[in-house]
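Remarks on the structure that follows.
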Amino acid sequence: MRAAVLHEIGQDKLEVLDDVEAVGFGPGKVRIRVRATGLCHSDISAMNGVLPQPAPFIPGHEGAGEILDIGDGVTHLTPGQRVLLCWLPSCGTCPACKRGQTQLCLAGFMNAGTPNFKRPGGDVFGFAGTGTFTEEVVVDAGCAVPIPDDVPFDIAALIGCGVTTGLGAAINTAKVEAGSSVAVIGCGGVGISAIQGAKLQGAAQIIAVDPVESRREAALRFGATEAIAPDALADAKQRITAGEGFDYVFEVVGKSATARTAYETTRRGGTLCVVGAGALDDYLQLSMFELFFDEKRILPSMYGGGDVLTSYERTIALWRAGRVDLESLITHRVPLTGINEALEQMRTGAALRTCIEI
Ligand SMILES: [Zn+2]
Ligand SMILES: [Zn+2]
């Protein structure tokens, strides 16, 4: 079957091959025909080595499709069922799951070290234990989450990572209060979702910060009250908050430099919510004095910062009610053979989300 493979970490292009096989099917597993997948920034971060990932591998972790086969012991799914892919399946029994924090369950990461594809040259890994830039994938049954009939595959794919991450950061983690001031640094698919989340929560001011003009324009359509380039942020802080800083600042880039800027842009006693996925060796510097004296709350948010399945259900309910716009997040569409075009659209910031239709 056909799949897009990265041969070595550091390469910037994927090769679309037709000699790949999805392997590992058996008890507790399902085989899925992928229909749509989004390109998330984490895919690029895994390709360039910012996020740890063995190679060769098939990127993609934000997908949806149909169940082809179910392994022994899988009782909650049937062949033909429409599902979205969750890259962080919860085991249901570990302490994190029992506390309702399934976004912190580590069970899924055990699979990430086991190749779930192969080709004549040898084993091929799937990114984060999934790998959706492919026609078929074999995953743990817990990675397959049934979706209602009215949710199209392209929308379901977005809910599988970016939208859940951004909305959840504003709603679950930061718990943005009505009437507050918010700045969102980084306005791709996740940042725009954080903007929509802040709007839903009733924020009075939502300042979108991004170097790319098309993203700033998009942010305004999705609910930002103002959109600025990064070099205008210090001035905006002065003008909008009288120099005090914003009640909430979302860092949606995943770099210590932007996190430091975000910290400085947060008011004393305010909340810095860290959403971007950064590197193991990129350290954020804070002095012990400022940490104590300014009492700024630093709240990291992983995969929406709450129970993942609950976050999905809430997103679907909000989408169905017309309270969040997911359709407009998909600015580009390509077939699997157009994957390198999609990577370029992500790197230049031209796309909020490119949907790869398979
Ligand atoms: Zn667990
Ligand atoms: Zn993602």
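Of the residues making up segment 171-182, those that are aliphatic (A, V, I, L, M) and more than 17 Å from residue 316 (Cβ to Cβ) are 174, 176, 178, 182.
The number of residues in segment 130-153 being surrounded by fewer than 24 Cβ atoms within 10 Å (Cβ to Cβ) and touching a strand residue (DSSP E or B) at 6+ places or on another chain (Cβ under 9 Å) comes to 13.
Could you please find all residues in segment 26-55 being within 11 Å of ligand 2 (Cβ to nearest atom), outside any helix (DSSP H, G or I) and under 17 Å from residue 139 (Cβ atoms)? Residues satisfying the conditions are 37, 38, 40. Assessment of segment 320-332 against the conditions (surrounded by 20 or more Cβ atoms within 10 Å (Cβ to Cβ) and of a type in the set (Lys, Arg)) yields no matching residue. If I ask for residues that are in a loop (DSSP other than H, G, I, E, B) and over 15 Å from residue 263 (Cβ atoms), which ones from segment 222-244 would you list? Across segment 222-244, the qualifying residues are 222, 223, 224, 225, 229, 242, 243. With respect to residue 71, is the statement that it is in contact with a Gly (Cβ under 7 Å, 6 or more places away or on another chain) and either more than 16 Å from ligand 1 (Cβ to nearest atom) or more than 22 Å from residue 157 (Cα to Cα) (or both) true? Yes, satisfied.
Find all pairs meeting these conditions: Cβ atoms under 7 angstrom apart; at least six residues apart or on different chains; first residue within segment 85-103 and within 28 Å of residue 36 (Cα to Cα); second residue β-branched (Val, Ile, Thr) and part of a loop (DSSP other than H, G, I, E, B). Hits for this filter: 85/130; 85/132; 87/130. When 64, 22, 36 are checked against the criterion of being in contact with a Leu (Cβ under 7 Å, 6 or more places away or on another chain), at pLDDT 95 or above and of a type in the set (Gly, Ala, Ser), a single residue qualifies: 64.
Inclusion of residue 177 among residues that are in contact with a strand residue (DSSP E or B) (Cβ under 8 Å, 6 or more places away or on another chain) and part of a helix (DSSP H, G or I) is not warranted.
This table checks each residue for (1) over 22 Å from residue 194 (Cβ atoms); (2) in contact with a Pro (Cβ under 6 Å, 6 or more places away or on another chain); (3) more than 15 Å from ligand 2 (Cβ to nearest atom); (4) among the β-branched types (Val, Ile, Thr).
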| residue | (1), (2), (3), (4) |
| --- | --- |
| 93 | yes, no, yes, yes |
| 108 | yes, yes, no, no |
| 120 | yes, no, yes, no |
| 149 | yes, no, yes, no |
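Exactly one of (1) more than 16 Å from ligand 1 (Cβ to nearest atom); (2) closer than 21 Å to residue 312 by Cα; (3) crowded, with 19+ Cβ neighbours inside 10 Å is unmet by residue 78. Its number? All conditions are met except number (3). Among the residues of segment 199-221, which ones are in a loop (DSSP other than H, G, I, E, B) and surrounded by fewer than 23 Cβ atoms within 10 Å (Cβ to Cβ)? Selection gives 202, 204, 211, 212.
The values are calculated or read from the model by the stated rules, or taken from the named source; none is laboratory data. Treat the numbers as computed from the prediction; the structure is a model and nothing was measured. Cβ: placed from backbone, ideal geometry, glycine included. Neighbour counts: every protein chain shown.
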